[in-house]
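J.: Structure provided below as structure tokens; questions to follow.
The values are calculated or read from the model by the stated rules, or taken from the named source; none is laboratory data. Owing to the predicted nature of the structure, the values given are computational and were not obtained by experimental measurement. Virtual Cβ from ideal backbone geometry, glycine too; neighbours counted across all protein chains shown. Quick note on the areas: whole protein, heavy atoms, side chains included, nothing else; ligands and nucleic acids left out. Shrake-Rupley method; radii C 1.70, N 1.55, O 1.52, S 1.80 Å.
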Amino acid sequence: MTTIVPTSEEDPFLAVVQFTSQLAWADAGPEAAEPEITRLCREAEESIVAGKWLELASLMVTSAELVSSKMSDKDLECTYTIICSLVKNANSADDVLEMVKAISSKVVQQPNDKASLRLKILFNLYNLLDHPYARFQVYMKALTLAVEGKVTEYVVPSFKKIDNFLKEWNVDTKDQRQLFLAIANVLRENKSLVNESLKFLTKYLATFSSEDAKVLDEAKEEAVRAVIEFVKASSIFQCDLLELPTVAQLEKDTKYAPVYQLLKIFLTQRLNAYTEFRAANSECLQSYGLVDDDCVTKMRLLSLVDLASDESGKIPYASIKDTLQVKEEEVELWIVKAITAKLIDCKMDQMNQVVIVSRCSEREFGSKQWQSLRTKLATWRENIGNVISTIESNKVTEEGSQASSASAAAIQGLTVR
């Protein structure tokens, strides 16, 4: 028995339905297969004639996913290229969103099967869309697929454009929250991108700033994660977590209060505070996978930054030795480590056993630091104004002197005549 498919402008859609249905029923034998293939093709044609593009998309994508494992990469890509093109036929913006949801949900269902190709299919769908929110939906599915399919390297470069994407998508706070957390999860898969991961995790936590206590509670686990990521990160010495409401709520939480205390130590205190904390909370440190030697190393560097922030700009070697709890011969080694980490700029006066500091980093940048910066800028502005006034005064004086000299010369000339 031969199945006859009527030809029309929609041939590619019918061809995909026929191709996928034949694959699906290939092992059933002609008597069982042909009626089913004919039925599916008829349903597809009826949807085309009636302009029911959403129904057609659902039919096609379901059929395609049933046999995706039997297809070559080329056939799968071609099949989805035709399926994705259906979004151009959607009757309304709502239909576009529903169609995108139907297609993208099926694409990510099998992340371990041709993950990189499926990611390519999603980005092809993204580029076909004009609807901003539909694009956002596809991008979120791509992030999910990247993590589950272990192909995060293909999406990481797009994070550089995320600010532009947000302007284009014009999504609300809840969607931004979802996006930032998804990006942080993608970046967490790569140990070399821990700085970027913490950056987006902080952005996620910041979206809760105006929420009530009930909503803040939703972010508690991620707040703990951010603190631990900061403490573990050997190259991050400054963060703005302490003032975020999502993190501040941990202070009064029975379970997570030690985590908040640890963050406060790393951002505002010195090594001796950490050693006291360690003695009382060794199990807490171990439960979060924190290595004591790494924590001590980081706290020594942060303690040195704290010493360097002193207004005098001079640190005696003896103070460094006592504060960092190191041997006398190790003092300069730790100074060099701090310089290498770009935490301080300084000169070592070995004769007088002091460090002369010209610049040091801030461990946190909250309201106190902004006020300090505002004061420094005001002083700088005043100094610049004084310099300009001095220059203008000297200029007026010089012009007056030149005018007097010229007048004297002219009078002398008249007298000679």
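J.: Report in % the part of the accessible area of the chain that belongs to carbon and sulfur, leaving out ligands and nucleic acids; probe 1.4 Å. Mind showing how you got there, number by number?
T.: Numbers: 12020 of 23260 Å².
Within the chain, the accessible surface is 52 percent carbon and sulfur.
J.: Suppose only helical runs count, i.e. DSSP H with n ≥ 4. What mean residue ellipticity at 222 nm does that imply for the chain under -39500 (n - 2.57) per run, divided by all residues and rounded to the nearest 500 deg cm²/dmol?
T.: Theoretical 222 nm ellipticity from helices: -21500 deg cm²/dmol.
J.: Identify, among Tyr133, Asn89, Leu122, the residue whose Cα sits farthest towards the positive end of the charge dipole of segment 77-182, taking +1 on the Cβ of Lys and Arg and -1 on the Cβ of Asp and Glu, with the dipole about the Cα centre.
T.: Leu122
J.: Would you give the gap between the C-alpha center of segment 57-107 and the C-alpha center of segment 220-237, rounded to a whole Å?
T.: 40
J.: If you filter segment 5-100 for GluC sites (Glu not before Pro), then keep DSSP loop positions with at most 14 other Cβ within 10 Å, what is left?
T.: Numbers: sites: Glu9, Glu10, Glu31, Glu36, Glu43, Glu45, Glu46, Glu55, Glu65, Glu77, Glu98; in loops: Glu9, Glu10.
Of the GluC sites (Glu not before Pro), the ones in loops of segment 5-100 whose Cβ has at most 14 other Cβ atoms within 10 Å are Glu9.
J.: Sticking with this structure for a sec: Could you tell me which trypsin sites (Lys or Arg not before Pro) in segment 163-270 are loop residues by DSSP with no more than 13 other beta carbons within 10 angstrom of their beta carbon? Mind dumping the intermediate values first?
T.: Details: sites: Lys167, Lys174, Arg177, Arg188, Lys191, Lys199, Lys203, Lys214, Lys220, Arg225, Lys232, Lys252, Lys255, Lys264, Arg270; in loops: Lys255, Arg270.
Listed in order of number, the matching sites are Lys255.
J.: Using +1 at the Cβ of each Lys and Arg and -1 at the Cβ of each Asp and Glu in the chain, identify which of Ser309, Ile48, Leu263 lies farthest towards the dipole's positive end.
T.: The residue sitting farthest along the positive end of the dipole is Ser309.
J.: Let me ask another. Can you give the accessible area per residue of the chain, in Å², using a 1.4 Å probe? Please report the intermediate quantities before stating the final value.
T.: Details: 23260 Å² over 417 residues.
Dividing the accessible area of the chain by its residue count gives 56 Å².
J.: Which listed residue (Leu193, Asn352, Pro157) has the Cα farthest towards the positive end of the charge dipole for the chain, taking +1 on Lys and Arg C-beta and -1 on Asp and Glu C-beta about the Cα centre?
T.: Checked the options; the winner is Asn352.
J.: If you don't mind, another one. Apply the a/c threshold of 1.5 to the C-alpha gyration tensor of segment 4-144 and tell me whether it is rounded, prolate or oblate. Before the final figure, lay out the partial values.
T.: Working: a/c = 2.32, a/b = 1.31, b/c = 1.77.
Oblate, since a/c reaches 1.5 and b/c is not below a/b.
J.: Which trypsin sites (Lys or Arg not before Pro) does segment 61-166 hold that lie in a coil by DSSP with at most 14 other beta carbons within 10 Å?
T.: Details: sites: Lys70, Lys74, Lys88, Lys101, Lys106, Lys114, Arg118, Lys120, Arg135, Lys141, Lys150, Lys160, Lys161; in loops: Lys114, Lys150.
In loop regions of segment 61-166 (DSSP not H, G, I, E or B), the sparsely surrounded trypsin sites (Lys or Arg not before Pro) are Lys150.
J.: Rounded if a/c is under 1.5, else prolate if a/b is larger than b/c, else oblate: which is the chain, with a ≥ b ≥ c the root eigenvalues of its Cα gyration tensor?
T.: On the way: a/c = 3.41, a/b = 1.74, b/c = 1.96.
Oblate, since a/c reaches 1.5 and b/c is not below a/b.
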